[in-house]
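What follows is a short report on a single structure.
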Amino acid sequence: MQKTGGSVGAFIAGVTPAKRQRDAETVLALMSEITGREPELWGTIVGFGSCHYRYPTGNEGDMPVVAFAPRKQATTIYLNRTDEHADDLSLLGPHTTGVGCLYIKDVEAVDLEVLRRLIVKTEEFVRRGGDSYAQITLSD
């Protein structure tokens, strides 16, 4: 994954439907506050900071430290691994998950303090260098 540049504000302004745009603005503000970093576009993903990951298989690449993507069906928030967040996820409110993704159809329906904890824990995981599943090195 690579930074693609462009205006995050213009990207968010073009998000549809309106509810997803509202959710993107909320998550953007939350991640900006947590990370203290400026958002950057990585294609259609809004990311904060950057790091390099390497799996034991040898697969490697670059990615944001924390990130989200406003998709038509749901807002996707990228976590390190959702199985490590079971306690917080049980308190979050309506959502679904994938291996490393959290899907929220309505950010107003979830507990923002729990969402904040999930984002903070993801950033801490990256800053610690990952785990045996993935080694992570901060790029900035």
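The values are calculated or read from the model by the stated rules, or taken from the named source; none is laboratory data. What you see is a predicted model; the values in this text were computed from it and never measured. Ideal geometry is used to build each Cβ from the backbone, glycine not excepted, and the neighbour counts take in all protein chains shown.
Among the residues of region 90-113, just one is hydrophobic (A, V, I, L, M, F, W, C), surrounded by fewer than 18 Cβ atoms within 10 Å (Cβ to Cβ), under 16 Å from the mean Cα position of the chain (by Cα) and assigned to a helix (DSSP H, G or I), namely LEU112. Looking for something hydroxyl-bearing (Ser, Thr, Tyr) and touching a strand residue (DSSP E or B) at 6+ places or on another chain (Cβ under 8 Å) - is there at least one such residue anywhere in region 15-27? No, the conditions are met nowhere in region 15-27. For region 114-137, the candidate set comprises residues that are loosely packed, with under 15 Cβ neighbours inside 10 Å and of a type in the set (Ser, Thr, Tyr); within that set, the residue that is modelled with the lowest pLDDT is SER132.
Set side by side, the residues GLY93, GLY129 differ, and just one is free of Cβ contacts under 8 Å to residues at least 12 places away in the same chain and on the phi > 0 side of the Ramachandran plot, which is GLY129. Annotation note: of ASP106, ASP88, the sole residue that is of a type in the set (Asp, Glu), closer than 19 Å to ASP23 by Cβ and touching a helix residue (DSSP H, G or I) at 6+ places or on another chain (Cβ under 6 Å) is ASP88.
In region 70-85, of all residues being closer than 21 Å to SER139 by Cα and surrounded by 19 or more Cβ atoms within 10 Å (Cβ to Cβ), the one that is modelled with the lowest pLDDT corresponds to ASN80. Could we say that GLU40 is under 24 Å from ARG117 (Cβ atoms), surrounded by 11 or more Cβ atoms within 10 Å (Cβ to Cβ) and modelled with pLDDT of 95 or more here? Against the criterion (under 24 Å from ARG117 (Cβ atoms), surrounded by 11 or more Cβ atoms within 10 Å (Cβ to Cβ) and modelled with pLDDT of 95 or more), GLU40 qualifies.
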